[in-house]
């Protein structure tokens with residue numbers, strides 16, 4: 001990724017548009033909120049436009065304009081909490097047009113809601129679009145050639161990974177700046193770990209088929225009967241399962257809560273960070289559909305070893321700093337987890353590459369990787385894109 005060189009130091013008035021409800025955790029939501037906080041600390045004036053379900057889920061310290069309540073629509077093997085009310089979108093669009101922004105940064109610009117209004121409205125600031133999705137989209141299929149015409153409204157197109165760029169290019173054509181998803185690394189410094197007296201594996205994600213939780217639970221059962229043995233431990237591990245979703249109840253019946261398995265539900269951000277810092281392993285066993293695994297970077301920043309599926313998005317995010325195994329391979333996943341928990345990183349490491357050796361060396365290298373993908377660096381990169389988009393408008 002080449003970092004555009006900002007051509008000016010003056011503060012910008014930036015609208016960040018998120019089509020997904022901020023009342024629910026999600027990758028795009030986390031990126032928007034992290035960017036808002038980081039850009040604001042750099043003295044830019046930032047307002048987030050996003051759906052919000054009630055007032056209790058409103059993020060603190062963010063200048064926020066609600067685009068309405070959300071409904072859940074199927075998308076990319078998951079569900080997307082989007083606002084579909086034309087009235088709410090029109091109201092939010094009028095507010096945005098009245099606030100005098102220099103640039104509007106739209107995430108997933110073909111998601112329903114306010115992004116549609118921005119694509120067809122007149123008198124809007126320059127649009128910077130970021131594409132997160134990996135894999136096909138029914139919306140692109142339905143819109144067809146119209147989507148390509150509407151995409152010409154974007155002053156700059158960005159993608160969070162090569163996988164996301166490829167998906168957007170196949171649907172829309174055009175050129176893209178390829179960046180990354182950022183992590184707020186300072187949130188993991190000086191954190192008190194969540195108490196745990198045994199080696200701990202953490203799963204963070206929605207309980208749906210593509211996230212691979214079923215594979216992890218099957219792998220964990222073999223670890224319960226044959227605990228890891230090595231220089232680091234001979235104790236049976238714990239499994240922390242965070243999040244919820246359509247598979248929660250069925251998987252919970254098959255693998256009920258016990259002294260080894262803890263179903264935690266949706267975590268607050270504070271608890272999520274503390275559990276990431278405390279865990280020995282962050283396991284991300286997704287089957288596919290991940291354009292960039294920001295949770296992998298968060299684990300690296302927390303100095304937690306990552307065991308993840310060997311898929312494009314995770315491979316790009318980890319860059320050799322995770323133990324990667326074939327998706328849906330219960331036996332390989334169990335072997336990798338056992339090797340890491342027993343302190344045999346060199347044995348568990350990915351064939352043909354990746355850091356091996358001591359746990360401290362592995363974690364230090366991974367933390368450097370996370371620092372290189374910090375939200376501060378990402379905000380600086382986007383600032384360059386914003387200024388490149390606004391130069392014609394200011395000329």
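The values are calculated or read from the model by the stated rules, or taken from the named source; none is laboratory data. Everything numeric here is computed off the predicted structure, so don't read it as measured data. Note that we place each Cβ from the backbone using ideal geometry, even for glycine, and neighbour counts take in every protein chain shown.
Note on segment 65-90: residues that are at pLDDT 90 or above, within 23 Å of residue 268 (Cβ to Cβ) and surrounded by 17 or more Cβ atoms within 10 Å (Cβ to Cβ) total 1. Residues considered: 249, 197, 192. Of these, the only one that is part of a helix (DSSP H, G or I) and surrounded by fewer than 17 Cβ atoms within 10 Å (Cβ to Cβ) is 249. Among the residues of segment 197-210, those that are touching a strand residue (DSSP E or B) at 6+ places or on another chain (Cβ under 8 Å) and at pLDDT below 95 comprise 198, 199, 205, 206, 208, 210.
On the stretch given as segment 229-239, residues that are modelled with pLDDT of 80 or more and more than 10 Å from residue 198 (Cβ to Cβ) total 1. Residue 115 satisfies every condition listed in (1) surrounded by fewer than 17 Cβ atoms within 10 Å (Cβ to Cβ); (2) touching a strand residue (DSSP E or B) at 6+ places or on another chain (Cβ under 7 Å); (3) closer than 26 Å to residue 211 by Cβ except (1). Applying the criterion of being without any contact (Cβ under 8 Å) to a residue 24 or more places away in the chain and touching a helix residue (DSSP H, G or I) at 6+ places or on another chain (Cβ under 9 Å) to the residues of segment 356-389, the residue that is surrounded by the most Cβ atoms within 10 Å (Cβ to Cβ) is 356.
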